[in-house]
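Inspection log for the structure reproduced underneath, given as structure tokens.
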Amino acid sequence: MLEGLNIPQLQAVTSQAKSILVIAGAGSGKTKVLTHRIAFLVKERGVSPSNILALTFTRKAAKEMKERLTMLLTEKEVSKMMVGTFHSISLKMLEQYGGEIGYEKYLSVYDEQDQEDILNTIITELGLPIKASQVVAALDSFGADCDKVEFQKDIADVVTQYRNRLKSYNALDYSSILTETLRLLRSKPDVFTYYHDKFQYVFVDEYQDCDWTQYYLHEAL
């Protein structure tokens with residue numbers, strides 16, 4: 001398991017520290033260190049695989065991580081971990097506990113075209129001189145802090161209508177998957193405690209790519 005690791009990689013994999021940040025250039029083996037660290041914790045430290053959460057930014061990266069872990073651990077051990085993108089893991093949380101914040105079990109996920117269509121409908125209904133792209137830019141820019149921002153009144157009106165409409169459709173768009181998961185964790189102590197206790201070891205591949213919403217979500221877990 002530790003064969004093929006250089007000294008800095010070995011130090012990271014076997015570290016006793018509670019938090020580890022690996023800073024290195026592209027192609028230097030950061031994902032290798034992450035997967036070996038997970039395997040080391042399971043095999044050498046006796047950590048239960050079910051207490052491990054590993055987050056990535058793309059489905060391709062999640063698939064690669066699972067493949068690498070399967071070379072180091074058994075398929076059964078890997079299957080007990082939660083390994084996936086921020087969005088896929090968040091969606092699982094909402095499917096399990098979304099009822100706590102008013103969602104039904106089977107959620108619909110709208111793509112960018114769905115989002116644009118709904119926004120254009122709302123803008124037309126309200127007779128406002130703005131474009132859907134302006135609303136999308138506002139939502140994307142502020143993410144988890146959207147509720148704390150004072151938007152231009154026209155945009156604020158559309159945002160409110162859009163959110164209400166998604167909720168009535170029992171639907172989420174790509175960005176609200178994360179913001180609603182964060183709202184779930186922040187507003188429901190029992191749910192927060194469940195996941196905080198469950199995920200005793202949280203790993204993020206390519207952490208430098210986190211936006212503010214993903215950063216807050218990682219901190220919450």
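Miscellaneous remarks
- Residue check, Glu206 under 12 Å from the mean Cα position of the chain (by Cα) and either farther than 21 Å from Ser19 by Cβ or in contact (Cβ under 8 Å) with a residue 12 or more places away in the chain (or both): no
- Matching residues in the range 104-116 - criterion: being in contact with a helix residue (DSSP H, G or I) (Cβ under 9 Å, 6 or more places away or on another chain) and farther than 13 Å from Ser176 by Cα: Glu104, Lys105, Tyr106, Glu116
Every residue, every condition in (1) touching a residue at least 60 places away in the same chain (Cβ under 8 Å); (2) more than 19 Å from the chain's Cα centre (by Cα); (3) over 30 Å from Glu180 (Cα atoms); (4) not assigned by TED's automatic domain parsing to the domain that holds Val204, yes or no:
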{"site": "Leu21", "(1), (2), (3), (4)": "yes, no, no, no"}
{"site": "Val42", "(1), (2), (3), (4)": "no, yes, yes, no"}
{"site": "Lys60", "(1), (2), (3), (4)": "no, no, no, no"}
{"site": "Leu94", "(1), (2), (3), (4)": "yes, no, no, yes"}
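- Subset of the range 198-212 (residues that are under 24 Å from Lys66 (Cβ atoms) and assigned to a helix (DSSP H, G or I)): Lys198, Tyr207, Gln208, Asp209
- From Val83, Val78, residue being surrounded by 15 or more Cβ atoms within 10 Å (Cβ to Cβ) and under 22 Å from Cys210 (Cα atoms): Val83
- Every condition in (1) at pLDDT 95 or above; (2) surrounded by fewer than 18 Cβ atoms within 10 Å (Cβ to Cβ); (3) not β-branched (Val, Ile, Thr) is met by Ser28 except one, and the failing one is (1).
- For the range 175-187, the condition of being in contact with a strand residue (DSSP E or B) (Cβ under 8 Å, 6 or more places away or on another chain), surrounded by 14 or more Cβ atoms within 10 Å (Cβ to Cβ) and not aliphatic (A, V, I, L, M) holds for at least one residue.
- Taking the conditions (1) over 22 Å from the mean Cα position of the chain (by Cα); (2) crowded, with 18+ Cβ neighbours inside 10 Å in turn, Ile52 satisfies each one other than (1).
- Odd one out for Val13, checked against (1) surrounded by fewer than 20 Cβ atoms within 10 Å (Cβ to Cβ); (2) in contact with a Leu (Cβ under 7 Å, 6 or more places away or on another chain); (3) at pLDDT below 95: (1)
The values are calculated or read from the model by the stated rules, or taken from the named source; none is laboratory data. This structure is a prediction, so every number in the text was calculated from the model and none was measured. Neighbour counts run over all protein chains shown; Cβ positions are idealised from the backbone, glycine included.
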